[in-house]
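Worksheet: the structure to be examined is printed underneath.
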Amino acid sequence: MKITNEHPHVISYKKLIGILIALLILTAITISVSMVDLGKFNVWAALLIASTKCTLVVLFFMHLKYENRVIRISFVVTLFCVAILIGFIFWDISFR
Amino acid sequence: MTESDSFFETPSPTKYKGIWSWLITMDHKRIALMYLFVILFWFFGALILGLLIRTELMSVGRTIMGAQTYNALFTLHGVIMIFLFIIPAIPAIFGNFLLPIQIGADDVFFPKLNLLSWYLYILGSLFAVSSLFFGGPPDTGWTFYVPFSVSTKTNVSATLTAAFILGMSSMLTGLNFITTIHRMRAKGMRWLQIPLFTWSLYATAWVQLLATPILSITLLLVLFERIFAIGLFDASKGGDPILYQHLFWMYSHPAVYIMILPGMGVISEIIPVFSRKSIFGYKAIVASSMAIAIAGSLVWAHHMFTSGMSDVAVFVFSLLTFIVAIPSAVKVFSWISTMYKGSILMTPPLLFSLGFIYLFSVGGLTGLVLGSAGTDIHVHDTHFVVAHFHFVMFGGTGFAFFAALHFWWPKIFGRMYDFKKAYVAATMIIVGFIFHYLPMFILGIMGLPRRYYDYMPKFETGNMLAGIGGYILIAGIALMFFNLFASFKNKRDAEADPWGGTTLEWTVPSPPPLHNFIAPPEIKDYPYDFSDVIKKFKAESTG
Amino acid sequence: METHSDTKGARLGMWLFLYTEIMLFSGMFILYAAYLHKFPTDFIEGGKELSLVFGSVNTIILLISSFSVAASITALRKNSRGLAAGLLAAAVAIGGIFLINKYFEWGQKIHHGIYPNAPALVNGPTGENMFFGLYYVITGLHGIHIIIGMVLLSVCLVMILKNRIHSGNDGILENCGLYWHLVDIIWIFIFPLFYLII
């Protein structure tokens, strides 16, 4: 039996609850922002807040902040791929 | 080391015997052989379908089959060749067998997942074959373009499900390989000491992992359309059929690199061994593998120049397409430079590799004709395209597969095959191949569309020639496999290193023992250092 | 055969799997982006018909469930097994509530004649048909992921109770937790894109 377990990182309850509160506040913000008509910036505002929430969940709930380089880099690469796919489609649809 | 210690004689887990020692094995080598068995089965099946198609096309009008049968045959030929042969062939067979050995590990990281991938492959292939018998064979072509794939009455749903499941199998294999390469390299093997075949599998695995899910969701959406008629791709309901093509090629173009990259890895292993010379530009080849994986994911829409997408997109994607040619060319030049002033030893695997370089170059360069929007408009969806991708996929990946079979056959089975027959077979395959596909370029430029059941009389000569070439090609392939299978009659006496290779798989016995390495492998600073091999052969020749 | 207990590697494998899930949903978001670009006003009209209350409640409870899964790992590592099991059970229960909400929400929509290929949608504005088509496909797929996540968490719960997962061996819980968080993240994006668009 080969055991290569690393020492697990323990995140305190306090920190987790702090993150949860931040997430709930951000939810409230995004709902209230949506009540104001910002034109097409509504979508961008909503996406920005959603990305912030996503970042919090990934960094702390999913422990990405404490992960090794491989996972951190590859996660960013994946998001980059998503951005490319969604972005490049606009070469077509916004010039048609 | 006695013969009885090879993985053929020591099942894992040990308690199972006979067929069960294969069906529920966790041993990567046994799983690789199970893949070999089923993949070859499908390959032969799809070859016969292809030959029937070309026979039908040899003369004007009905030759041997009706139009609907013809549509079904080219669809199944495409689906089987793409999803059941080319995509899994090299990674699932040779990758599974060799990747752990090349990095000095005893197995892949997730052996159970590895077995699950095999079962998913089997399940997917059963779905594919079931579409033949229930509800009418599909007639959409392997691209499943909407709106036809949604409205056709044939059983496309089964084929879609098959491709979905096969995608999962491919994805899990990729996941397994990445984790294995990251976590299980032998102590002392740093990234730039990894053999190039494993590097190419690493690049491939990332594409498999990140691109395949797009195919899954796309096929799922077509299934939903068929069941619920939501209209997401139906122009009459507000949908956009071109978006289907975008989604489809977002996977299927990177998939082209899933198919070719492992083949390039095989060639990168074979060329230095038979040139007795270190590979030219190891780092350049590694970098170009990764560059192909990245750049290949940015160019999908060059399949859609005539689809009605915006001119800006046509321009951008045409420009980007040329970028992919650069890393591919880097590899070709590296292989040729490796042979330059090398001490070349001709063997069947090298002959196939040379065939690869030539045919792949033709395929790659004609790809540029298709990649430039101007010329593509003229030859889009003609036989030119058929010829181009068969040069790349068959002349490229197919030949790399044959080369890999001949290169690692003694390692896997411990038996050497007859060289003379292998040379004859290889020559027949190359000659037949050129006869078969070259006329298609000309037919395409003359204007013969692909997938057409019938054509005008002026195309008959070319089609007849292609058909004859096809028969030579098939005869060559039959001879090649006959020769390989005939080696089972030989004694199992292949040396650990029959060729003079330098990577780790040649340090273990042929066939390898269950745990691959008897003692922890010694990792060389550089995987392609041939000085010891040359010394050994010099000593042998001076006696 | 040598057995591995390499949690780092297993976690890498899990992350790689999560990437495939991200890409899977990104395929849907590509369609969303394209159709939002094509039918901005119809999407706003469609968004108004979705219930903000259902959406917000589901967002909030899913965030809480994500928290409780994360806290459950902390509890396990601090050797409070009961708390860990309790938090995990809460997360599973919240998943159930989420699905029940979804059931009522879908039921209400279907009752109003809004479902795939419904005459009201097909004959109405084409953009709204796209909006609700995407709505059903994305939330449906997400619902399936919730169910899978609930199954995974339940397995972990049983394993904790049987002491097969403990502070020295919590790799499985962590990996299943990762999956649950991902499902939460996807909802974080679905919520504004469908319920909050004006």
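The values are calculated or read from the model by the stated rules, or taken from the named source; none is laboratory data. Fair warning: this is a prediction, and the values are worked out from it, not measured in the lab. Every residue, glycine among them, receives a Cβ derived from its backbone with ideal geometry; neighbour counts consider all protein chains shown. Areas reflect the complete protein model, heavy atoms only, side chains present, ligands, DNA and RNA absent. Shrake-Rupley method; radii C 1.70, N 1.55, O 1.52, S 1.80 Å.
Things to note:
- Interface residues, region B:165-184 - accessible area loss of 40 Å² or more versus chain alone, probe 1.4 Å: B:Leu175, B:His182, B:Arg183
- Across the protein assembly as shown, counting alpha-carbon atoms alone, Rg and Dmax equal 27.8, 91 Å.
- By the rule of a C-alpha distance below 12 Å, with chain neighbours fewer than 8 residues away ignored, the aspartates and glutamates paired with B:Lys277 are B:Glu269, B:Asp529, B:Asp532.
- For B:Val60 and B:His378, the FRET efficiency from 1/(1 + (r/R0)^6), where r spans their Cβ atoms and R0 equals 35 Å, is about 0.90.
- Separation of alpha-carbon centers, region A:19-36 and region A:47-77, rounded to whole Å: 19 Å
- Per residue, the convex hull volume that the Cα atoms of region B:310-455 enclose (Å³): 145 Å³
- Spread of Cα-to-Cα distances over 5 Å intervals beginning at zero, given as percent, for region B:253-333: 3, 15, 23, 19, 14, 11, 7, 5, 3, 1, 0
- Summed over both chains, the contact between A and B buries some 1400 Å² of accessible surface at a probe radius of 1.4 Å.
- Å³ per residue enclosed by the Cα convex hull of region B:114-211: 100 Å³
- Interface size, chains A and C: roughly 4700 Å² of accessible area buried, both sides included, 1.4 Å probe, rounded to the nearest 100.
- Expected 222 nm ellipticity per residue - DSSP helices of 4 or more, -39500 (n - 2.57), all of chain B, to 500: -21500 deg cm²/dmol
- For peptides C:9-21, B:307-319, B:114-126, sequence by mean Cβ density within 10 Å, most packed first: C:9-21, B:114-126, B:307-319
- Among residues other than B:Asp418 with Cβ under 15 Å from its Cβ, the summed charge is +4 (Lys and Arg +1, Asp and Glu -1).
- Average accessible surface for region B:3-542: 35 Å² per residue, computed with a 1.4 Å probe over protein heavy atoms with every protein chain in place.
- Accessible area of chain C divided out per residue, in Å², using a probe of 1.4 angstrom: 34 Å²
- Spherically averaged projected area in nm², based on the convex hull that wraps the Cα atoms of region C:20-106: 7.3 nm²
- P(r) of chain C over all Cα-Cα pairs, binned every 10 Å from zero, in whole percent: 9, 32, 30, 17, 10, 3, 0
- Scaling the Cα radius of gyration of region C:106-198 by the globular reference 2.2 N^0.38 Å produces a ratio of 1.51.
- Mean Cβ neighbour count within 10 Å, used as a protection proxy, ranking C:110-117, A:37-44 highest first: C:110-117, A:37-44
- Between B:Leu319 and C:Glu45, the simple label model (points 7 Å from Cα in the Cβ direction) yields a spacing of 3.8 nm.
- Share of carbon and sulfur in the accessible area of chain A stands at 75%, probe radius 1.4 Å.
- Taking the square roots of five times each eigenvalue of the Cα gyration tensor of chain B, the equivalent ellipsoid has semi-axes of 38, 26, 24 Å, listed largest first.
- Projected label points at B:Ala287 and B:Met464, each 7 Å from Cα along the beta carbon direction, are separated by 5.3 nanometres.
- Region A:11-62: Rg to Rh, with Rh as the Kirkwood radius over Cα pairs: 1.08
- Kirkwood hydrodynamic radius of region B:86-138, Cα pairs, Å: 12.9 Å
- Look at the stretch C:186-198: the mean tally of other chain Cβ atoms within 10 Å of its residues' Cβ atoms is 6.
- The residues of region B:225-255 occluded by other protein chains by 50 Å² or more of accessible area, set against the chain on its own, are B:Ile230, B:Leu232, B:Lys237, B:Gly238, B:Asp240, B:Leu243, B:Met250; surface from heavy atoms, 1.4 Å probe.
- Efficiency of FRET from Cβ geometry, B:Tyr358 and B:Asn490, R₀ 30 Å, rounded to 0.05: 0.45
- For chain A, lysine pairs with C-alpha atoms less than 30 angstrom apart, excluding pairs fewer than eight positions apart on the same chain, total 7.
- P(r) histogram, all alpha-carbon pairs of region A:25-96 included - 5 Å bins from 0, percent: 3, 13, 16, 18, 17, 17, 11, 5, 1, 0
- Label-point separation, C:Ile60 to B:Met446 (7 Å along Cα→Cβ), nm: 7.4 nm
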